[in-house]
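Inspection log for the structure reproduced underneath, given as structure tokens.
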Amino acid sequence: MLYFLWAQAIMSSTTSSQFRFTTEGFELRIHSHQCDLTYCFLLSCLLLLRTTYHCLFPPSNYPSILSGAQNVTILAFVMQLTLKEILAKHDWISTFTHPPDVASLLRTNEGPSPLQSAGLKTSLERLTAALAELQSDLVLLHNVAASVEAPVSRLQSLEKDYETILSPMRRIPSEIAMEILRRARKGNEFGDTSERRLSGFDVFTIREGPWHLGQVCSSWRNVIETLCPELWATMAVEMPFSYQHLTADTAVEILSVTLERSRNHPLDFYFHYDEFFSEVEEMKPQTMEQCFDIMVGHSKRWRVVEMTLNPSLLPRLSRPRKD
């Protein structure tokens, strides 16, 4: 049974005493000259936790709690009450009803007689005392409940950790995950295709396509990067960049990584080079020219291509293909 331990201290400045409690082979002795109700209650809660949950509280930890105690006598007693006993003590409240004369007065606006007033005052004092006692028990229960909230929260966290590790998703073979991702790609074309017929993920936007899927977890990222070349082989290379802070070197590197992960899979891509931006900005047109040269280097793998180009780039199409 769950026991609630309560210690009550009476303050004094003349003598010293000893408080001793033994449960399940564990003995606690307190030698002190100053200890108040809070200390006693705290120690009682520690004993409760050890008794109920078999937590290990080394006795060496207790003296530090009372190390500053001075000049007070402890006259303490510990009451062990089961939860049923606490509830039984207040069980009369649920069945309590007013006497007939009180019920009659409540239905009218008449004042009680002197004799009734005396009886009502006595009853009120008893009800007030019962309420105070019940509130005291409630505070005790709240304090005990609060003392186990941290262990409960910790156990829930540990339970979640193990459930996560044992998740069925972690046991899916890479080949099955690869097939799932491939089929998901077929049913969900990436990118904005409002102004073009060919769809594909924006190479320079990490919120799209395989970049986005690879952020789910490391196992998905490994499958996408090594076993799903077709996910990388349908793309859009556009200027202006959707990410305005993209540097030239980074853009070229991103495109190179994308083509590397597409392996030897046929390439379907949309290449858009807006001549207007070539007149406004200096670095980005040069970057797109480098990107175009990279795509031309893989022209042997081109399958479906849609381009919007500056005429100055057309001669670059005659460059040798990469085997």
Note the full-extension length gain between Leu246 and Ser199 as 0.36 nm times their separation in residues minus their Cα-Cα distance, in nm to one decimal. 14.7 nm
Sorted by Cβ neighbour density within 10 Å, fewest at the top, the residues Thr122, Thr97, Thr250, Thr234: Thr97, Thr122, Thr250, Thr234
Per the 1/(1 + (r/R0)^6) rule, R0 = 30 Å and r from the Cβ atoms of Lys160 and Glu230, FRET efficiency to 0.05 is 0.25
By its C-alpha gyration tensor, with a ≥ b ≥ c as the square roots of the eigenvalues, how is the range 127-168 shaped: rounded for a/c under 1.5, else prolate for a/b larger than b/c, else oblate? prolate
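Ranking Tyr273, Tyr162 by Cβ neighbours within 10 Å, fewest first, what do you get?
Tyr162, Tyr273
No value in this document is a laboratory result; all are computed from the given coordinates. What you see is a predicted model; the values in this text were computed from it and never measured. As a convention, Cβ positions derive from the backbone with ideal geometry for all residues, glycine included, and neighbour counts pool all protein chains shown.
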